[in-house]
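Below is one structure, written out as structure tokens; comments come after it.
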Amino acid sequence: MNNLPLVVDIKRHSLEDGPGIRSVVFFKGCPLRCIFCHNPETQEYGVEIAFSERECIHCKLCEEVCPTGAIDFESPGRISRDKCNKCGGCVKVCPGKGLRLIGSYYPVKALAEILLRDRSFYNHSAGGVTLSGGECTTYPDYLESLLMILKANNIHTALETSGYFDYDTFSQKILPYLDIVYYDIKIADTEAHINVTGKSNKNILDNFRRLIKEDGVEVHPRIPLIPTITATYKNLSSIVNFLCESGADKVSLLPYNPMGIEMMIKLGKQKSTLTDKFMKPDEEKDVYDMFSRILEGKKFQANSFSISHAYKAYVRS
């Protein structure tokens, strides 16, 4: 694993990743391999090269500069991934957007300076900065230094997490500087969780039980709605039972986002077999109604949950 905290993107003026106007930092690297991941470019820890056939003008400059002979114009993916050393030479000479290097390192102070440029927007909208990924808690020392600067400047801070982290490290280095934690809980059953994410959910559920009892931070659980995988009566019922037992009193539902499928192709990865269509309004309503039925008899009230369109994704070029 690369311990260098690479950033995939800094999404400014977001209205979807927390209260008010926010800047969202997408860190690269995640311990999970969710088959429905909508930010697959944030999974790997090191730099990657994405190829867009639609943007390629066939100038072949990339082929001329590639030191390993990894460029193959006979291949629809253009890059022989087993030969590519990810030097980025091809990206530098590409006159368009056919090739893109994903992952950049920012010194802590440099990233903080970028984020503080929008403090007037944060102040006027009760917004702030959201740290996301990937799994940004992978870099506790870096996040601690960054968050200390933000809090010294009275910036509201939020963090989006899969919950897969070392709790003691998280509680010492990251948690003291957070105002909100958005915590994704995808699947209740352990075996099913392993099948679709590659990891057990034990650490995730244990961490949530501990975090929800912490003072001074708002914990907001969220459930991504993946057709036939997470958006089932059995799974949603099990998650609601877990949340109630843990002491949670709110939850948001995140409609399925297929934006990651195209990026998987650009990265030379196997295309997902999931649908490439967003959920339709009537499909969202069906899940909402089902979830309302699940909540009957629970301590959650009708206004304690919402279907949110905060996809935690950014516009890809």
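Which of the helices (runs of 4 or more DSSP H) contained wholly in region 193-300 include at least 1 residues that are polar (S, T, N, Q) and at negative phi? Can you show your working first?
On the way: elements: 202-211, 233-246, 260-266, 281-295.
Filter on region 193-300 gives 202-211, 233-246, 281-295.
With (1) over 20 Å from His13 (Cα atoms); (2) in contact with a strand residue (DSSP E or B) (Cβ under 7 Å, 6 or more places away or on another chain); (3) in the same structural domain as Ile187 (by TED's automatic domain parsing) as the list, and Gly128 as the residue in question, which single condition is left unmet?
Failing condition for Gly128: (1).
For Thr169, are the conditions met, namely being part of a loop (DSSP other than H, G, I, E, B), hydroxyl-bearing (Ser, Thr, Tyr) and either at pLDDT 95 or above or under 17 Å from Pro19 (Cα atoms) (or both)?
Numbers: part of a loop (DSSP other than H, G, I, E, B): no; hydroxyl-bearing (Ser, Thr, Tyr): yes; either at pLDDT 95 or above or under 17 Å from Pro19 (Cα atoms) (or both): yes.
No; evaluated as a whole, the condition is false for this residue.
Is it true that Ile239 is under 21 Å from the mean Cα position of the chain (by Cα), of a type in the set (A, V, I, L, M) and under 20 Å from Cys30 (Cα atoms)? Write out each step before concluding.
Numbers: under 21 Å from the mean Cα position of the chain (by Cα): yes; of a type in the set (A, V, I, L, M): yes; under 20 Å from Cys30 (Cα atoms): no.
The answer is no for Ile239.
Considering Thr68, Thr130, which residue is of a type outside the set (A, V, I, L, M), under 30 Å from Glu160 (Cβ atoms) and either modelled with pLDDT of 95 or more or more than 25 Å from the chain's Cα centre (by Cα) (or both)? First the steps, then the outcome.
Values: Thr68 fails: under 30 Å from Glu160 (Cβ atoms).
So the residue among Thr68, Thr130 that is of a type outside the set (A, V, I, L, M), under 30 Å from Glu160 (Cβ atoms) and either modelled with pLDDT of 95 or more or more than 25 Å from the chain's Cα centre (by Cα) (or both) is Thr130.
Could you check Gly134 against (1) in contact with a helix residue (DSSP H, G or I) (Cβ under 7 Å, 6 or more places away or on another chain); (2) outside any loop (DSSP other than H, G, I, E, B); (3) crowded, with 21+ Cβ neighbours inside 10 Å and say which number it fails?
Every condition holds for Gly134 apart from (2).
Any chance region 98-105 includes a residue that's free of Cβ contacts under 8 Å to residues at least 40 places away in the same chain, out of contact with any Phe, Trp or Tyr (no Cβ under 7 Å at 6 or more places or on another chain) and of a type outside the set (D, E, K, R)?
Taking region 98-105 and keeping what is free of Cβ contacts under 8 Å to residues at least 40 places away in the same chain, we get none.
No.
Does region 21-38 include one or more residues that are more than 27 Å from Ser272 (Cα to Cα) and over 25 Å from the mean Cα position of the chain (by Cα)?
Here is the first cut: in region 21-38, the residues more than 27 Å from Ser272 (Cα to Cα) are 21-23.
So of that shortlist, the ones also over 25 Å from the mean Cα position of the chain (by Cα) come out as none.
No, region 21-38 has no match at all.
Here is a yes/no grid of residues against (1) at pLDDT below 90; (2) touching a helix residue (DSSP H, G or I) at 6+ places or on another chain (Cβ under 9 Å); (3) surrounded by 15 or more Cβ atoms within 10 Å (Cβ to Cβ):
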| position | (1), (2), (3) |
| --- | --- |
| Ser238 | no, no, yes |
| Phe242 | no, yes, yes |
| Lys271 | yes, yes, no |
| Glu284 | yes, no, yes |
| Ala313 | yes, yes, yes |
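Determine whether Leu150 is in contact (Cβ under 8 Å) with a residue 24 or more places away in the chain and under 20 Å from Thr42 (Cα atoms).
Numbers: in contact (Cβ under 8 Å) with a residue 24 or more places away in the chain: yes; under 20 Å from Thr42 (Cα atoms): no.
No, not satisfied.
From the list Lys11, Lys28, exactly one residue is buried (at least 22 other Cβ atoms within 10 Å of the Cβ) and in contact (Cβ under 8 Å) with a residue 60 or more places away in the chain. Which is it? Let's see the steps before the verdict.
Details: Lys11 fails: buried (at least 22 other Cβ atoms within 10 Å of the Cβ).
Just a single option satisfies the conditions, and that option is Lys28.
The values are calculated or read from the model by the stated rules, or taken from the named source; none is laboratory data. Since the model is a prediction, treat every value here as computed from it, not as a measurement. No Cβ is skipped: glycine too gets one built from the backbone with ideal geometry, and neighbour counts run over all protein chains shown.
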